[in-house]
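The values are calculated or read from the model by the stated rules, or taken from the named source; none is laboratory data. Just so it is clear, the model here is predicted, and its values are computed rather than measured. Here the Cβ positions follow ideal geometry from the backbone for every residue, glycine too, while neighbour counts run over all protein chains shown. Note: areas computed on protein heavy atoms with side chains; ligands, DNA, RNA excluded. Shrake-Rupley method; radii C 1.70, N 1.55, O 1.52, S 1.80 Å.
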Amino acid sequence: MNTNSPTRIAVLVSGGGTNLQALIDAQAQGNLGGGVLSAVISSKDGVYALERAKNAGIPSYVLPRRAYSSAQAYTAALTDLISGTGAKLVVLAGFLHILTGEILSAYPNAVINVHPALIPSFCGKGAYGLHVHELALAYGVKVTGATVHFVSEEPDGGPIILQRAVTIQPEDTPERLQRRVMEEAEWQLLPQAVSLFCQGRLRVEGRMVHIDPDGTHREAL
């Protein structure tokens with residue numbers, strides 16, 4: 001990877017794009033570690049994330065999941081599309097579909113996801129969106145939060161990059177908790193993790209992600 005050129009980033013979305021907006025805002029403030037948002041790809045048309053991309057001048061694409069008969073076929077097409085954008089980092093920001101190993105082979109330790117809980121709690125297949133916060137409240141935990149992790153073939157099972165805790169309040173509903181986790185954790189952690197990647201400061205050893213003080217270990221990715 002040429003450390004003298006910006007790291008091109010493809011962001012995958014399926015809905016409103018609040019985490020995409022956090023990345024857009026971080027880029028505008030020069031806080032993506034030299035990375036540049038080069039493509040937004042949505043799994044369905046008409047979502048507000050595409051409007052956010054348009055407003056920010058980021059090229060956007062729609063690749064409908066329903067047009068493909070299997071997760072593998074969809075992942076292969078998606079990987080080809082991402083490759084064509086020149087992206088070196090893929091960010092899942094509210095992307096609601098399971099991807100298969102093709103994308104991980106093409107982008108080893110270069111696909112990251114943000115999850116609205118402290119993994120390994122309230123994660124895995126079926127744990128997404130508001131349902132995650134319903135699970136946390138139903139269980140009675142006192143602390144939840146968000147996790148940014150590298151993607152593996154196990155849903156929400158890849159090496160953890162960053163986590164931040166959010167205290168649950170007595171008056172919380174799933175909707176209130178969802179909003180506070182976004183504001184206090186997701187929107188902070190995702191741009192931070194992207195910046196660290198683009199600076200070459202993330203080093204993966206098995207399940208451990210080490211954050212180096214400089215970019216000398218970029219090649220370890």
- [ ] Among the residues of region 65-88, write down those that are under 25 Å from residue 132 (Cβ atoms) and either surrounded by fewer than 17 Cβ atoms within 10 Å (Cβ to Cβ) or among the charged types (D, E, K, R) (or both).
- [x] 65, 66, 71
- [ ] State whether one or more residues within region 172-189 are more than 24 Å from residue 20 (Cβ to Cβ) and not in a helix (DSSP H, G or I).
- [x] yes
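Results for (1) over 21 Å from residue 67 (Cα atoms); (2) part of a helix (DSSP H, G or I); (3) out of contact with any Phe, Trp or Tyr (no Cβ under 7 Å at 6 or more places or on another chain); (4) in contact (Cβ under 8 Å) with a residue 60 or more places away in the chain, shown as yes or no for each residue.
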residue: 15; (1), (2), (3), (4): no, no, yes, yes
residue: 22; (1), (2), (3), (4): yes, yes, no, yes
residue: 31; (1), (2), (3), (4): yes, no, yes, yes
residue: 38; (1), (2), (3), (4): yes, no, yes, no
Open item on the list: Test of understanding: among 49, 53, which residue is touching a Gly at 6+ places or on another chain (Cβ under 6 Å), open to solvent by less than 10 Å² (accessible area, probe 1.4 Å), within 25 Å of residue 189 (Cβ to Cβ) and not in a loop (DSSP other than H, G, I, E, B)?
Closed with: 49
TODO: Have a look at 79, 75 and point out the one that is over 22 Å from residue 16 (Cα atoms), assigned to a helix (DSSP H, G or I), in contact with an Asp or Glu (Cβ under 7 Å, 6 or more places away or on another chain) and not aliphatic (A, V, I, L, M).
DONE: 79
- [ ] Output the residue which, of all residues in region 89-108 that are more than 27 Å from residue 166 (Cα to Cα) and open to solvent by 50 Å² or more (accessible area, probe 1.4 Å), is nearest to the chain's Cα centre (by Cα).
- [x] 108
Task: Residue ID - surrounded by the fewest Cβ atoms within 10 Å (Cβ to Cβ), chosen from residues in region 109-135 that are in contact with a helix residue (DSSP H, G or I) (Cβ under 7 Å, 6 or more places away or on another chain) and more than 18 Å from residue 88 (Cβ to Cβ) - done: 130
TODO: Among the residues of region 88-138, count how many are closer than 18 Å to residue 71 by Cα, in contact with a Ser or Thr (Cβ under 8 Å, 6 or more places away or on another chain) and either of a type in the set (Val, Ile, Thr) or assigned to a strand (DSSP E or B) (or both).
DONE: 2
